[in-house]
Amino acid sequence: MRRQGRRRHLARGLLLSLQMLAAHPLRTALSVSGLLIGVAAVIVMVALSEGAERRLLQRMQAMGTNLLVVNAAPAPRVAGRPRQVPIVTTLRAADAAAIVDEITLARAAAPAVSRSVVVHWEGLNTTTTLLGTTTGGLRIRNIGARSGRLFDDHEADAQARVVVLGRTVVRALFAGVDPVGRFIRIGQVPFEVVGVARPLGTDPGGADMDDRVVIPLATAMRRVLNVPYIHSIFVQARSSADLGELERQVHETLRRRLDVRAGTPEPFLIQNQAVLLQTERGTASAMNRLAASVAMLALVLGGIGIVAVMLISVRERTREIGLRRALGATRRDIRLQFVLESTILAAGGGGAGMVGGLVVAGAAAAAGPWDLVVPWSAACAGFAASAFLGLAVGAVPASRAARLEPVEALRA
Amino acid sequence: MIEAEGLTRSYRKGAVVVEALKGVTFGIRQGEFVAIMGRSGSGKSTLLNILGLLDRPDRGRYRLQGVDLSCAGDDEASAARNRTIGFVFQQFHLLERVSALRNVMLPLLYSEEDADDGAARAERALQTVELSHRAQHVPSELSGGEQQRVAIARALINEPALILADEPTGNLDAQSSAGILDILRRLAEAGRTIVLVTHDREVAARADRLLVLEDGRITADDTLPSNPPRPAGVA
């Protein structure tokens with residue numbers, strides 16, 4: 001009975017607190033503005049940071065998932081002079097096959113060559129990257145056809161002069177013309193364009209993955225580059241968790257196959273996507289730490305603002321407090337009222353900041369070139385933290401109000 | 001109704017200890033209209049605060065409606081203030097920016113029983129002080145006399161047995177004062193116990209009984225000739 005009555009008082013007290021706050025709109029607005037701006041800023045920062053994370057994952061996906069890239073190392077200098085061929089020439093296509101055969105963690109591996117080339121079509125030319133690889137390499141590197149088709153195993157074996165163009169190359173050479181079925185020259189060698197690759201965007205290093213032409217490996221080695229060695233091996237792990245162990249085993253296998261003696265530098269370099277991801281994540285987590293610091297700072301400043309306003313309010317309303325005590329309010333009632341007011345203030349400020357932050361993040365995501373993820377969870381957390389803050393910091397002014405002696409309060 | 005026995009109260013004012021009450025003993029019966037008179041510093045406000053459970057005596061016993069409240073805790077005293085006592089202050093103490101009706105309803109906020117009919121009760125209380133037509137006005141739109149009548153309505157809303165009025169006419173002109181005193185007079189006729197503190201002999205003359213307080217002691221306790229209220233509406 002008494003409990004129920006108290007709950008009813010809570011509802012009535014809530015209404016009263018709202019009325020009191022509404023009576024001083026400017027002060028109320030000022031006191032919560034710190035919290036509002038802080039929460040909004042945190043939400044926008046989290047939106048940016050989560051957007052960056054999403055963009056990173058998309059880029060990783062575009063490169064090919066669970067990827068290791070083995071590159072031939074730069075050739076060591078002899079007597080201080082660079083060699084004619086700038087890389088080690090010992091890597092062979094058979095090494096890729098050996099990796100799949102010997103290492104169970106490797107789902108697939110494909111050899112590849114690449115070089116900068118000039119591509120000609122009808123008097124236009126552009127410098128781009130030639131990628132020669134197998135159909136397996138196309139799959140590992142997530143290369144698909146947007147129009148036309150990719151080359152097949154038969155063409156690859158036959159050293160067919162067929163090429164798949166990246167979007168950037170198409171834009172440079174074929175303005176408004178469908179390139180599929182046309183013939184271009186790569187260096188001096190004519191090729192038939194069989195397809196245009198699906199755009200992949202930039203890789204995590206910022207390189208344009210659409211600025212390239214892709215041809216079968218054998219064609220590239222025999223007809224364009226005229227080399228017996230390969231430049232790279234793409235290795236795909238069965239799962240991203242295996243990347244570290246896979247890297248170690250690839251090292252082992254290649255050292256054995258290339259007969260690398262202990263103490264001599266390896267003639268290859270392995271790029272691990274997981275390491276790349278970790279590096280990028282490091283940047284992202286620095287950003288997250290910054291966001292967290294800003295959040296803490298915002299809460300502290302917001303809390304100080306609210307305490308200050310509540311203390312002013314207690315002082316200003318001393319007589320009102322005395323009156324309420326005379327009319328039957330217990331110390332508990334008075335404390336409750338001020339805690340409620342503080343909580344409403346803070347929750348209101350946090351709520352407004354949440355709405356503001358979401359609106360800014362949402363509008364920026366919709367309109368701008370920025371990658372933003374609207375962070376609902378961060379928004380809710382900001383709101384909850386604000387409300388809790390109000391509850392916590394309200395305790396000080398509230399108990400000051402509750403401690404007032406009614407007689408003195410009425411005389412104030 | 002009220003039994004006070006040897007009440008003493010002293011407090012510090014800077015380095016000096018002021019003995020405001022030096023042993024005050026008296027009783028007040030249900031339905032009495034008592035004026036407590038004295039110069040400032042005589043201890044009359046201290047006495048009223050103790051009677052109103054806003055303050056506690058250092059020594060002595062205070063019984064209200066037979067219950068010893070000398071050592072009442074916060075909850076008990078607050079509940080008694082809410083249910084049994086209605087306060088009327090010299091400075092009215094109304095909440096600004098809040099309508100007369102809402103001001104009158106304020107004590108219900110701290111009542112234990114439900115008050116779903118709170119607005120109706122507040123209207124009735126305002127009727128008692130003839131201010132129904134001003135229910136929706138905020139204090140700044142009301143004259144001093146009207147504000148004090150709102151305060152009386154507020155004191156009445158929980159139907160208290162005892163009304164404590166501390167210089168209720170101290171801030172009012174003669175005409176408004178007369179109106180307020182008429183209302184208090186009528187409440188007394190209706191059976192409520194009224195204790196009024198004043199330093200004004202004319203105001204005190206409207207009561208049934210006069211206690212004179214000098215230097216923390218009661219020096220006179222007189223019954224006054226009856227003086228019925230003037231007809232309503234003259235105020």
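Sort A:348-358, A:50-60 for me by packing, meaning the mean count of neighbouring Cβ atoms within 10 Å per residue, highest on top.
Highest mean packing first, the order is A:348-358, A:50-60.
Can you give the FRET efficiency to the nearest 0.05 for A:Leu391 and B:Val17, using r as the Cβ-Cβ distance and R₀ = 51 Å?
Working from the Cβ atoms, E equals 0.75.
Round to a whole angstrom and tell me the spacing of the C-alpha centers of region A:122-138 and region A:333-412.
One Cα centre to the other: 59 Å.
What share of the DSSP beta bridges in chain B is antiparallel, in percent to the nearest 5?
55 percent
Enumerate the amide H contacts of B:Phe33 below 5 Å, restricted to partners 5 or more residues apart or on another chain; note that Pro and chain-start residues carry no placed amide H.
For B:Phe33, the qualifying residues are B:Ile194, B:Asp208, B:Arg209.
Exactly which trypsin sites (Lys or Arg not before Pro) in region A:182-290 are in a DSSP loop and have at most 16 other Cβ atoms within 10 Å?
Qualifying residues, ordered by number: A:Arg182, A:Arg238, A:Arg261.
Express in whole angstrom the spacing between the alpha-carbon centres of region B:68-114 and region A:154-189.
So the separation of the two Cα centres works out to 91 Å.
Hey, what does the equivalent ellipsoid look like for region A:74-266, semi-axes from the Cα gyration tensor as sqrt of 5 times each eigenvalue, largest first, whole Å?
31, 20, 15
Between A:Ala207 and A:Ser33, what is the label-point separation in nm under the 7 Å Cα-to-beta-carbon projection?
The two pseudo-label positions are separated by 5.2 nm.
At what distance in nm do the modelled label points of A:Leu290 and B:Glu214 sit from each other, each positioned 7 Å from its Cα along Cα→Cβ?
Going by the 7 Å Cα→Cβ label model, 8.2 nm.
Order these by the 10 Å Cβ neighbour count, fewest first: A:Ile186, A:Ile43, A:Ile99.
Result, fewest neighbours first: A:Ile186, A:Ile99, A:Ile43.
Taking the Cα-to-Cβ direction at A:Gln188 and at A:Glu102 and moving 7 Å from each Cα, how far apart do the two end points lie in nm?
It works out to 3.9 nm between the two label points.
Measuring from centroid to centroid over Cα atoms, what is the spacing of region B:150-193 and region A:237-258 in Å?
Spelled out, the Cα-based centre of one part sits 95 Å from the other.
Taking Rh as the Kirkwood radius, which is the inverse of the mean 1/r over Cα pairs, what is the Rg/Rh value for the protein assembly as shown?
Rg divided by Rh gives 1.37.
Which of B:Asp221, B:Asp68, B:Asp116 moves the most in a Gaussian network model of chain B with Cα springs under 10 Å?
B:Asp116
Quick check on the exposure proxy: order B:Glu32, B:Glu113, B:Glu19 from fewest to most C-beta atoms within 10 angstrom.
Starting with the residue having the fewest Cβ neighbours, the order is B:Glu113, B:Glu19, B:Glu32.
Taking only C-alpha pairs under 8 Å that are 6+ residues apart, what is the relative contact order of region A:74-266 in percent?
28 percent
FYI, it's all coordinate maths here, none of it is from the lab. Since the structure is predicted, the reported quantities are computational estimates derived from the model, not experimental observations. With ideal geometry, Cβ positions are generated from the backbone for all residues, glycine too; neighbour counts draw on all protein chains shown.
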